[in-house]
Amino acid sequence: MLITADMKMADLIHLDFQLLAVIQRIGIPLGFREKTIDEVCKENNVNTDFFLQISNSFHDKDFFPKERFFEFKAEWLVNFLRRTHQCILEHKIPEIELKIEGLVEDLKATTRNYELIKNFFTEYIRELKIHMELEDNKVFPYVVELDKSLEANKKTPKFEESFSDYNIQKYLEDHNDIEEKVFDLKNILIKYLPPPMDNCKYNSLLFEIFRLEKDLSDHAKLEDKVLIPKVKLMEREIKNL
Amino acid sequence: MVRIIIADPSYLVRKGLSTILNELKCVTQISEVSTPDEISDAIISEMPNMMIINTSLSSIPEVDSLIKKQGTELNIISIFNSPLPNNSSEKLISILDGKSVLLNKLRNQVKNVQQSTQQQENSEELSDREKEVLQKVALGKTNKEVANELFISTHTVISHRKNITRKLGIKTVSGLTVYAILNQIIGMDDIS
Ligand SMILES: [Fe+2]
Ligand SMILES: [Fe+2]
């Protein structure tokens, strides 16, 4: 179903509760009463069209208006991606970590297996943090400064100072796949780990891992298919300044 | 499980084929793509057994060479935007074909693929050679080191690794290490 500006915001969540994540990451608080999407967006200084395109593409994987996304301010996208990082690192990962720690009782007989899974995930968290910190501290500030420079029609002092020899190609070269290990963890838990005693606990861990994988893949899609091509276009423009 | 990629620039054609494939009583995982970039991404991430691809895409040189690189592992069915003669091969379909023609052709093709993948999946067990490769990879050795130690080419190592990943559903070295320890292929003490 196509999401439109005149829909009530509360109905949107009933339609697809996964969109709660989009609403939060775009910077809109709950408490909608009977207000429409358009009204809520305006109240929170969010561009309604940007909200609609993002929610439609998260709601329906076939809906991905790549070209439309290019028209929006790079900063909006960057803020969205930043909030996603924050949500993943501060909430989703600790939740999974806790659930893995909760397995220790079940896997007591095989402490070794528990250690294996725990270490595997700890290593993964470290990689994920490095990946996201690089984006938060280098790539995103670069994109924002690039955007400001284009708007001002001249390179900002900060751009000259910090990013004069940086370009998105450098980031692309080591923009690695952060979903692969999650994929592996899933299969190890489903196929290879001796079955645990408490299936319910175990399933809820798996469930979180599946959700994390989906979240990461949606996130990477926005980075790879929207942010990077858009920055390439912006880089072409700044050369002409 | 038969994994299929539908590669066609047209959304309508992709959806139509998806719908028809979903009517076939085999477990299939379908992913839809529309550009050469997406095709190469999907081949890596989905590990497909079959690709149904429009000739407007498969005729692009880079896509063509990508397909050739997959060898016989990947079954190709071509979609034509023009009509086909009545007795054309089952590996060719036209967007003008009716439901019965499409359903028959696709059913036969999917069945063939299913039979061959089932044989493969039943022999899910790693071969002795694959276990040797896995053991060394799990210990953190590079493809080149593995090749030297087993007196085989790096190319062969890579192809063993591909098969290991396909059979186990594990892509990363640390994942393989966990698997190897769980299955006593290496010991916990072997890794630092
Ligand atoms: Fe990111
Ligand atoms: Fe990233």
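Please pick out the residue among B:Arg129, B:Arg166 that is among the charged types (D, E, K, R) and within 14 Å of another protein chain (Cβ to nearest Cβ). Before the answer, list the steps.
Numbers: B:Arg129 fails: within 14 Å of another protein chain (Cβ to nearest Cβ).
Only one candidate passes the filter, namely B:Arg166.
Give the residue that is surrounded by the fewest Cβ atoms within 10 Å (Cβ to Cβ), with candidates limited to residues of the range A:168-202 that are of a type in the set (Phe, Trp, Tyr) and facing chain B (nearest Cβ under 7 Å). Full working, then the answer.
Start the filter on the range A:168-202 by keeping residues that are of a type in the set (Phe, Trp, Tyr), which leaves A:171, A:183, A:192, A:202.
Narrowing the set further to residues that are facing chain B (nearest Cβ under 7 Å) leaves A:183, A:192.
Details: A:Phe183: 20, A:Tyr192: 16.
Ranking the candidates gives A:Tyr192 first.
Being in contact with a helix residue (DSSP H, G or I) (Cβ under 9 Å, 6 or more places away or on another chain) and closer than 30 Å to B:Ser10 by Cα is the requirement here; does A:Ile117 meet it? Lay out the reasoning, then the answer.
On the way: in contact with a helix residue (DSSP H, G or I) (Cβ under 9 Å, 6 or more places away or on another chain): yes; closer than 30 Å to B:Ser10 by Cα: no.
So A:Ile117 does not fit the description; no.
What about B:Lys105, is it over 27 Å from A:Glu179 (Cα atoms), assigned to a loop (DSSP other than H, G, I, E, B) and not assigned by TED's automatic domain parsing to the domain that holds B:Asn163? Let's see the steps before the verdict.
On the way: over 27 Å from A:Glu179 (Cα atoms): yes; assigned to a loop (DSSP other than H, G, I, E, B): no; not assigned by TED's automatic domain parsing to the domain that holds B:Asn163: yes.
Spelling it out, it is not the case that B:Lys105 is over 27 Å from A:Glu179 (Cα atoms), assigned to a loop (DSSP other than H, G, I, E, B) and not assigned by TED's automatic domain parsing to the domain that holds B:Asn163.
Within the range B:106-145, can you find the residues that are more than 16 Å from B:Tyr179 (Cβ to Cβ) and among the aliphatic types (A, V, I, L, M)?
Correct list: B:Leu106, B:Val110, B:Val113.
State whether the residues of the range B:137-150 include one that is assigned by TED's automatic domain parsing to the domain that holds B:Ile39 and touching a residue at least 24 places away in the same chain (Cβ under 8 Å).
Filtering the range B:137-150 for residues assigned by TED's automatic domain parsing to the domain that holds B:Ile39 gives none.
Checked the range B:137-150: no residue is assigned by TED's automatic domain parsing to the domain that holds B:Ile39 and touching a residue at least 24 places away in the same chain (Cβ under 8 Å).
Report, by residue number, each residue of the range A:112-138 that is within 20 Å of A:Glu179 (Cβ to Cβ), more than 10 Å from chain B (Cβ to nearest Cβ) and within 15 Å of ligand 1 (Cβ to nearest atom).
A:Ile125, A:Leu128, A:Lys129, A:Ile130, A:His131, A:Met132, A:Glu133, A:Leu134, A:Glu135, A:Asp136
Which of the residues belonging to the range A:136-157 are under 26 Å from A:Cys87 (Cα atoms) and without any contact (Cβ under 8 Å) to a residue 24 or more places away in the chain?
Those that are under 26 Å from A:Cys87 (Cα atoms) and without any contact (Cβ under 8 Å) to a residue 24 or more places away in the chain: A:Asn137, A:Pro141, A:Glu145.
At pLDDT below 90 and within 30 Å of B:Thr165 (Cα to Cα): which single residue out of B:Ser45, B:Ser58 fits that description? Spell out the reasoning first.
Details: B:Ser58 fails: at pLDDT below 90.
Result: B:Ser45 is the single residue among B:Ser45, B:Ser58 that is at pLDDT below 90 and within 30 Å of B:Thr165 (Cα to Cα).
Do you know which of the residues in the range B:170-192 that are outside any helix (DSSP H, G or I) and more than 7 Å from every other protein chain (Cβ to nearest Cβ) is surrounded by the fewest Cβ atoms within 10 Å (Cβ to Cβ)? Give the steps one after another, and end with the answer.
Residues of the range B:170-192 outside any helix (DSSP H, G or I): B:170-172, B:183-187, B:191-192.
Going one step further and asking which of them are more than 7 Å from every other protein chain (Cβ to nearest Cβ), we end up with B:183-187, B:191-192.
Details: B:Asn183: 14, B:Gln184: 8, B:Ile185: 18, B:Ile186: 19, B:Gly187: 9, B:Ile191: 14, B:Ser192: 5.
Across the range B:170-192, the extreme among qualifying residues is B:Ser192.
When residues of the range B:68-79 are filtered for being in a helix (DSSP H, G or I) and closer than 22 Å to B:Leu21 by Cα, how many remain?
Of the range B:68-79, the ones in a helix (DSSP H, G or I) are B:68-73.
Subsequent filtering for residues that are closer than 22 Å to B:Leu21 by Cα retains B:72-73.
Count: 2.
Pick out the one residue from B:Ile53, B:Ile6 that is within 13 Å of another protein chain (Cβ to nearest Cβ), buried (at least 16 other Cβ atoms within 10 Å of the Cβ) and of a type outside the set (D, E, K, R).
Numbers: B:Ile53 fails: within 13 Å of another protein chain (Cβ to nearest Cβ).
Residue meeting the stated conditions: B:Ile6.
Given the criteria at pLDDT below 90, assigned by TED's automatic domain parsing to the domain that holds B:Ala42 and basic (Lys, Arg), does B:Lys91 qualify?
On the way: at pLDDT below 90: no; assigned by TED's automatic domain parsing to the domain that holds B:Ala42: yes; basic (Lys, Arg): yes.
Judged against the criteria, B:Lys91 is not a match.
What residue, among those in the range A:94-153 that are among the acidic types (Asp, Glu) and within 15 Å of ligand 2 (Cβ to nearest atom), is surrounded by the most Cβ atoms within 10 Å (Cβ to Cβ)? Outline the logic, then answer.
Narrowing the range A:94-153 to residues among the acidic types (Asp, Glu): A:95, A:97, A:101, A:105-106, A:115, A:123, A:127, A:133, A:135-136, A:145, A:147, A:151.
Applying the additional criterion that residues be within 15 Å of ligand 2 (Cβ to nearest atom) yields A:127, A:133, A:135-136.
On the way: A:Glu127: 14, A:Glu133: 12, A:Glu135: 21, A:Asp136: 16.
Looking at residues that are among the acidic types (Asp, Glu) and within 15 Å of ligand 2 (Cβ to nearest atom), I get A:Glu135.
Please name all residue pairs, on different chains or six or more residues apart, with Cβ atoms under 8 Å, provided the first residue is in the range A:211-231 and is within 14 Å of chain B (Cβ to nearest Cβ) and the second residue is among the β-branched types (Val, Ile, Thr) and away from ligand 1 (no atom under 11 Å from the Cβ).
These pairs meet every condition: A:Glu213/A:Val182; A:Leu216/A:Val182; A:Ile228/A:Ile168.
Working only within the range A:139-181, note down all residues that are outside any loop (DSSP other than H, G, I, E, B) and either aromatic (Phe, Trp, Tyr) or within 14 Å of ligand 1 (Cβ to nearest atom) (or both). Write out each step before concluding.
Filtering the range A:139-181 down to residues outside any loop (DSSP other than H, G, I, E, B) leaves A:139-152, A:157-163, A:168-173, A:180-181.
Answer for the range A:139-181, where residues must be outside any loop (DSSP other than H, G, I, E, B) and either aromatic (Phe, Trp, Tyr) or within 14 Å of ligand 1 (Cβ to nearest atom) (or both): A:Val139, A:Phe140, A:Pro141, A:Tyr142, A:Val143, A:Phe159, A:Phe163, A:Ile168, A:Tyr171, A:Leu172.
For the range B:131-140, does any single residue satisfy the condition of being under 24 Å from A:Glu123 (Cα atoms) and of a type in the set (Val, Ile, Thr)? If you could, list the steps in order and put the result at the bottom.
Looking only at the range B:131-140, we keep the residues that are under 24 Å from A:Glu123 (Cα atoms), and these are B:133-140.
With the extra rule that they be of a type in the set (Val, Ile, Thr), the set shrinks to B:133, B:137.
Looking for residues that are under 24 Å from A:Glu123 (Cα atoms) and of a type in the set (Val, Ile, Thr), one finds at least one in the range B:131-140, hence yes.
The values are calculated or read from the model by the stated rules, or taken from the named source; none is laboratory data. Source: prediction; values computed, not measured. Please note: Cβ atoms are built from the backbone with ideal geometry, for glycine as well, and neighbour counts cover all protein chains shown.
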